[in-house]
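Undergrad: Dropping a structure here in structure tokens format, bear with me for questions.
Bear in mind these aren't lab numbers, they're just calculated from the coordinates by the rules spelled out. The structure presented is a predicted model; accordingly, all values stated were derived computationally and were not measured. Heads up, the Cβs are rebuilt from the backbone with ideal geometry, glycines too, and the neighbour counts pull from every protein chain shown.
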Amino acid sequence: MTPPGKEALDLFTSAERDRVAEGDEPFEAKSSREGGGPSDHPASVDPGGPEVWTVSEVNRTARRLLETGLPALWVAGEVANWTKARSGHRYFTLKDDRAQLRCVMWKRDAARLPVDPEEGMRVRAFGSLTLYEARGEYQLSVQTLEGEGQEGLWRLAFERLRARLEQEGHLDPSRRRPLPRLPGSVGVVTSPTGAALRDILSVIGRRAPWTRVVVRGARVQGEGAAEAIAQGIRVLGESGEVEVMIVGRGGGSIEDLWAFNEEPVARAIVSCPVPVISAVGHEVDVTISDLVADLRAPTPSAAGEAVVPDRIAILEQLEGIEPRLIRALRSQAGLRRIRLQEARSRMIRGIQRILEPRRAVLERRADRLTPAMRGVIVPSALRVEGTAARMGGAIRALVDRRRERLARLAGKVEALSPLSTLRRGYAVPLGPEGTVLRRARDFRHRPRFQLRVVDGRIQCETKDVEEEADT
């Protein structure tokens with residue numbers, strides 16, 4: 001028998017897919033509302049003949065037998081004709097080398113898939129058998145789909161995203177930024193109620209209690225976790241309040257950690273303006289965020305140790321700095337002193353090398369100039385001496401003439417001086433203010449006055465004033 005082709009394997013008609021995509025209920029929900037077993041109003045039959053079922057009654061009974069007679073089961077096979085409807089439902093066929101089984105996975109279950117499987121991929125599907133009464137075709141209603149082999153669909157999704165990011169250069173080690181040595185503030189994106197946050201805060205508080213920690217709470221697993229983590233990274237990175245960031249959570253299954261393997265988280269880490277430390281799960285857990293982060297920490301506690309220095313180590317370093325600085329300064333001072341001495345010696349030698357030839361030239365020129373200078377200087381000196389002698393005689397004669405003239409003028413001044421008059425026996429009356437009293441009326445209001453004689457002053461009193469008529 002010829003194996004069925006792709007057309008035979010595709011058991012949905014395009015009209016049925018469109019109806020489901022437009023929001024029609026799954027057919028098992030419709031059929032379950034119609035009741036089970038033969039109709040209460042069977043088709044009319046000949047009273048004497050056999051009982052006759054309608055097609056609907058047959059399909060309804062077969063569906064009930066399938067759903068109640070077989071428990072939910074795992075089915076392994078290859079994926080064929082994988083189709084994603086506009087409504088979010090998935091339609092596909094499981095087949096092996098001898099048979100095929102039509103399958104459907106409703107939107108609520110398909111949302112948990114990390115990635116759509118590839119054509120021909122071997123998978124395991126868990127679900128229940130049912131029958132689509134309208135067409136009389138049975139199918140497997142899949143609740144869980146896993147790839148066979150090592151981690152299956154999870155590994156496939158991981159490798160696809162890793163390859164795309166590597167092609168874009170985001171896994172290149174050269175793009176990783178160094179962490180700040182002494183960060184003043186650290187951002188943390190994780191669950192606000194998880195043990196990972198407590199571990200990070202405990203380690204940072206013990207190692208560097210002065211560090212400010214800014215926490216952005218986010219869901220770390222389940223639907224919407226990747227978008228919440230990416231949003232937290234963007235908010236903290238753009239806030240300008242943190243110098244470095246830790247993104248992570250505690251351990252768990254690959255499904256629990258899957259949010260850190262999704263593209264929104266990876267893109268947010270790549271575009272973050274500050275260095276990012278990825279701390280997801282345990283040491284054996286490797287996620288996409290570990291590959292694109294600037295540093296991968298095996299655990300959240302290890303991230304806390306990597307992001308801040310140990311204060312004890314800092315204190316020990318500070319204690320050792322002073323003696324090292326002293327030694328270094330002494331060493332530098334000694335080296336500079338030696339260099340200065342060497343430079344001084346070199347400078348002196350250089351100056352000597354420059355001056356010696358010039359000194360020799362000057363000495364030779366001086367030797368040549370000395371006889372010539374003597375021939376010029378000696379006659380000049382004789383002339384200067386003769387000139388000086390003549391000038392001395394002229395100056396002495398001038399001084400004598402000026403002295404004689406001064407004596408004649410002094411005699412004239414002496415003759416006109418009041419003291420000369422006083423020496424001839426005259427006296428001059430002076431008022432208290434030193435004015436000369438020339439007339440009798442000058443004494444009326446001055447009961448006391450002085451009489452100036454040639455060799456002193458005499459205090460006098462006015463007893464009476466007699467004025468004489470002017471002649």
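Undergrad: Need one number: the % of Cα-Cα pairs in the stretch 108-195 sitting beyond the 20 Å mark.
TA: 64
Undergrad: Taking the alpha-carbon set of the stretch 185-309, what are its Rg and Dmax in Å?
TA: 12.6, 37
Undergrad: Take the alpha carbon atoms of the stretch 89-140, find their center, do the same for the stretch 351-426, and report the distance between the two centers in whole angstrom.
TA: Taking the Cα centre of each part, the stretch 89-140 and the stretch 351-426 sit 135 Å apart.
Undergrad: Test of understanding: what is the full-extension gain from Leu362 to Ala313, defined as 0.36 nm times their sequence separation minus their Cα-Cα distance?
TA: Gain on stretching Leu362 to Ala313: 10.6 nm.
Undergrad: Right, here's the next one. Rounding to the nearest 10 and keeping the result within 0 to 90°, find how far the Cα-based axis of helix 55-69 lies from the longest principal axis of the chain.
TA: 60
Undergrad: Turning to a different aspect of this structure: Output the 0 to 90 degree angle, nearest 10, between the alpha-carbon long axis of helix 225-239 and the longest principal axis computed from the alpha carbons of the chain.
TA: Computed tilt is about 10 degrees.
Undergrad: For the peptides 63-72, 299-308, 381-390, what is the packing order when you average, over each peptide's residues, the other Cβ atoms within 10 Å and list the highest mean first?
TA: 299-308, 63-72, 381-390
Undergrad: Most exposed first by the Cβ proxy, i.e. fewest other Cβ within 10 Å, how do His445, His170 rank?
TA: Going from sparsest to densest Cβ surroundings: His445, His170.
Undergrad: For Gln167 paired with Glu283, estimate the spin-label separation in nm (one decimal), with each label point 7 Å from Cα along the Cα-to-Cβ line.
TA: 3.5
Undergrad: Between Glu137 and residues 5 or more places away or on another chain, which pairs have amide H atoms under 5 Å apart, with H built 1.01 Å from N, and which residues are they?
TA: Correct list: Tyr132.
Undergrad: Based on alpha-carbon centroids, what's the gap between the stretch 142-221 and the stretch 237-296 in Å, whole number please?
TA: The stretch 142-221 and the stretch 237-296 have Cα centres spaced 2 Å from each other.
Undergrad: What does the highest-first list of 274-283, 211-220 look like by mean Cβ count within 10 Å?
TA: Result, highest mean Cβ count within 10 Å first: 274-283, 211-220.
Undergrad: Compute the acute angle (0 to 90°) between the alpha-carbon long axis of helix 195-207 and the principal axis of greatest extent of the alpha-carbon atoms of the chain; round to the nearest 10°.
TA: 20
Undergrad: Further question on the same structure: What do the square roots of 5 times the Cα gyration tensor eigenvalues come to for the stretch 421-461, in whole Å, largest first, as semi-axes of the equivalent ellipsoid?
TA: Semi-axes, largest first: 18, 11, 8 Å.
Undergrad: Go ahead and collect, in residue order, the members of the stretch 437-458 whose backbone nitrogen is under 20 Å from a label point 7 Å along the Cα-Cβ direction of Glu467.
TA: Correct set: 437-449.
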